[in-house]
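Reading through the structure tokens given below for one structure.
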Amino acid sequence: MKTVIAIIVCSLISVSFSCKNEAVEPADFICDKTAKITRQSFGNLEMVISYENGKIAKVARADGKGLVENYNYQSASELIITRNFSDGGIGNTFRTTLNEKGYVLKFVQEGTAGYTNTFTYDTEGFLKTASYVFANDAKLNSNSTYSYTNGNLTQVKNMTGTVVNYVVDYTYYEDKLNKADLIGNQNQPDMYGRISKNLVKTIKYTYADKNTELSEYTYELNSNGFVKSLVEKLTAKDGKSTTQTNKYAYVCL
């Protein structure tokens, strides 16, 4: 999923747009239904996510810059996503197929430089496999498989053919429940299967050349167990470390 995340975030940064949004999270947010992220910041970059009828409707930068993603549901299983410029022009179009739970089965970027991502899920709704196919560069094609233990994602293995590109290993805080889709949600929370039961503690990438990247997470929770912010410490392949603080706000649907 790492490639897709980079495509989405970078595209939304590129072009200016004006809009106004306000956070909806009270100081001590609580929800006994489904909590959806309405704002999430990645360091200095803050994204605003809007919903209609319980479904994601729009994603934009809080500072009004960049492209705006608009979600147009053609039916319960068909979704068209457009990235719009400030004048309303369309930058990219994505045709998405959803299953009965609203999880993405197929995500297609149209055009000569497009790609097709397909996903499968197990009977419990957890993401099982992912396939990434690029229209103009077969060398980028890959497949991922997902493994779980006690309701938590524990490993992702990405391969091209029989060659392993990278393996991702996860550990968790067993005493901290995960109440929202916080990490790696591609600005599309809850669209890629059930989330892990507990909050992630570490994520370690091991690449084909044996180099590694390690992300370590610490959390600030409100009194109801919802994450107000997290600190990610990333130790890159070269051994250098950086930290980033991500903040979250929610709505109860």
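Condition first: at pLDDT 95 or above and over 17 Å from Tyr121 (Cβ atoms). Now tell me which residues in segment 138-148 satisfy that.
Hits for segment 138-148 are Asn141, Ser142.
Have a look at Phe85, Phe119 and point out the one that is surrounded by fewer than 16 Cβ atoms within 10 Å (Cβ to Cβ) and among the aromatic types (Phe, Trp, Tyr).
Phe85
Looking for something among the charged types (D, E, K, R) and over 17 Å from the mean Cα position of the chain (by Cα) - is there at least one such residue anywhere in segment 73-81?
Yes, some residue in segment 73-81 is among the charged types (D, E, K, R) and over 17 Å from the mean Cα position of the chain (by Cα).
Can you say whether Tyr146 is among the aromatic types (Phe, Trp, Tyr) and either farther than 26 Å from Ala60 by Cα or surrounded by fewer than 18 Cβ atoms within 10 Å (Cβ to Cβ) (or both), as far as the supplied structure shows?
Answer is yes for this residue.
Just the residues that are within 30 Å of Glu100 (Cβ to Cβ) and of a type in the set (Gly, Ala, Ser), please, taken from segment 180-215.
If the condition is that a residue be within 30 Å of Glu100 (Cβ to Cβ) and of a type in the set (Gly, Ala, Ser), then Ala180, Gly184, Gly193, Ser196 are the ones that fit.
From the list Lys106, Lys33, pick out the single residue that is in contact (Cβ under 8 Å) with a residue 12 or more places away in the chain, within 23 Å of Arg194 (Cβ to Cβ) and more than 20 Å from the chain's Cα centre (by Cα).
Lys33
Taking only segment 31-80 into account, find how many residues are at positive phi and among the aliphatic types (A, V, I, L, M).
Here the count works out to 0.
Is it the case that some residue within segment 167-174 is more than 29 Å from Val68 (Cα to Cα), surrounded by fewer than 18 Cβ atoms within 10 Å (Cβ to Cβ) and touching a Leu at 6+ places or on another chain (Cβ under 6 Å)?
Within segment 167-174, one or more residues are more than 29 Å from Val68 (Cα to Cα), surrounded by fewer than 18 Cβ atoms within 10 Å (Cβ to Cβ) and touching a Leu at 6+ places or on another chain (Cβ under 6 Å).
Regarding Ala57, is this residue under 19 Å from Tyr192 (Cα atoms), surrounded by fewer than 17 Cβ atoms within 10 Å (Cβ to Cβ) and within 20 Å of the chain's Cα centre (by Cα)?
Answer is yes for this residue.
Please return the ranges of strands (runs of 3 or more DSSP E) entirely within segment 163-253 where 1 or more residues are farther than 30 Å from Thr118 by Cβ and either among the polar types (S, T, N, Q) or in contact (Cβ under 8 Å) with a residue 40 or more places away in the chain (or both).
Of the strands (runs of 3 or more DSSP E) lying wholly inside segment 163-253, those with at least 1 residues that are farther than 30 Å from Thr118 by Cβ and either among the polar types (S, T, N, Q) or in contact (Cβ under 8 Å) with a residue 40 or more places away in the chain (or both) span 163-177, 212-221, 227-235, 241-252.
The values are calculated or read from the model by the stated rules, or taken from the named source; none is laboratory data. Quick caveat, the model's predicted, so the values are computed rather than measured. Here Cβ is always computed from backbone atoms with ideal geometry, including for glycine, and neighbour counts include all displayed protein chains.
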